C-alpha cells in the first residue's frame, strides 16, 4: 500500500514538473509591452470607428483584376478629413498574397481601388484609413470561385 502511494506521488510530481517545463519552453513571452495603454488606445479606436461606416458596392469579386468600389460614410463626422485610404488584401491561409492598394477618391465621393485576386478561395479585404489621427480598419470577407 505504501509503495502504491509513493508511486502515485512520484507520477504526479513528474506530470507537474513536465507540464511546467513544457509550458516554460512554449511561452512566447510578453504579448503586449504596455497592456493598459494598448487597451485604452484600442477602446479609443473602437469608439472612433463606430462613427464611420464603409460600404462596398461589389457583391461578387472574381479571380484576376477587380475594381473595388466603396464609400466611407459618417452621420456625425466630416468625411473630407479622411486621409490615407488603402485597401489591403490577404488570404487567411498564407501571407504570400498580402498586398496594399491605393484607393482613389472619385468625384461622386466613392473610392475605387484596382485590386488583384490571383487565387480562388477565401479572401479578407480591409479598408484602412486615417480619421481623427487614428488608423481605422474595416474588414470584409469574400469567397472567390
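The values are calculated or read from the model by the stated rules, or taken from the named source; none is laboratory data. What you are looking at is a predicted structure, and each value in this text was computed from that prediction instead of being measured. Every residue, glycine among them, receives a Cβ derived from its backbone with ideal geometry; neighbour counts consider all protein chains shown.
Taking residues in the range 18-37 that are at pLDDT below 90, and partners anywhere that are surrounded by 10 or more Cβ atoms within 10 Å (Cβ to Cβ) and outside any loop (DSSP other than H, G, I, E, B), the pairs with Cβ atoms closer than 8 Å and at least 6 places apart or on different chains are 32/38.
This table checks each residue for (1) closer than 23 Å to residue 63 by Cβ; (2) more than 14 Å from the chain's Cα centre (by Cα).
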| site | (1), (2) |
| --- | --- |
| 81 | no, yes |
| 85 | no, yes |
| 88 | yes, no |
| 95 | yes, no |
| 103 | yes, yes |
| 115 | yes, yes |
| 118 | yes, yes |
| 131 | no, yes |
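Determine, yes or no, whether residue 44 is part of a helix (DSSP H, G or I) and surrounded by 11 or more Cβ atoms within 10 Å (Cβ to Cβ). In short, yes.
Say whether the condition of being exposed (fewer than 11 other Cβ atoms within 10 Å of the Cβ) and over 30 Å from residue 145 (Cβ atoms) is met by at least one residue in the range 54-76. For the range 54-76, residues exposed (fewer than 11 other Cβ atoms within 10 Å of the Cβ) and over 30 Å from residue 145 (Cβ atoms): present.
In the range 47-63, the condition of being without any contact (Cβ under 8 Å) to a residue 24 or more places away in the chain, out of contact with any strand residue (DSSP E or B) (no Cβ under 9 Å at 6 or more places or on another chain) and part of a loop (DSSP other than H, G, I, E, B) is met by at least one residue. Whether any residue in the range 84-107 is surrounded by 10 or more Cβ atoms within 10 Å (Cβ to Cβ) and over 30 Å from residue 119 (Cβ atoms) is what I want to check. No, the range 84-107 contains no residue that is surrounded by 10 or more Cβ atoms within 10 Å (Cβ to Cβ) and over 30 Å from residue 119 (Cβ atoms).
The condition (being over 29 Å from residue 41 (Cα atoms), in a strand (DSSP E or B) and in contact with a strand residue (DSSP E or B) (Cβ under 9 Å, 6 or more places away or on another chain)) is satisfied by just one residue among 69, 85, 135, 128: 69. The single residue among 115, 72, 89 that is at pLDDT 95 or above and in contact with a helix residue (DSSP H, G or I) (Cβ under 9 Å, 6 or more places away or on another chain) turns out to be 72.
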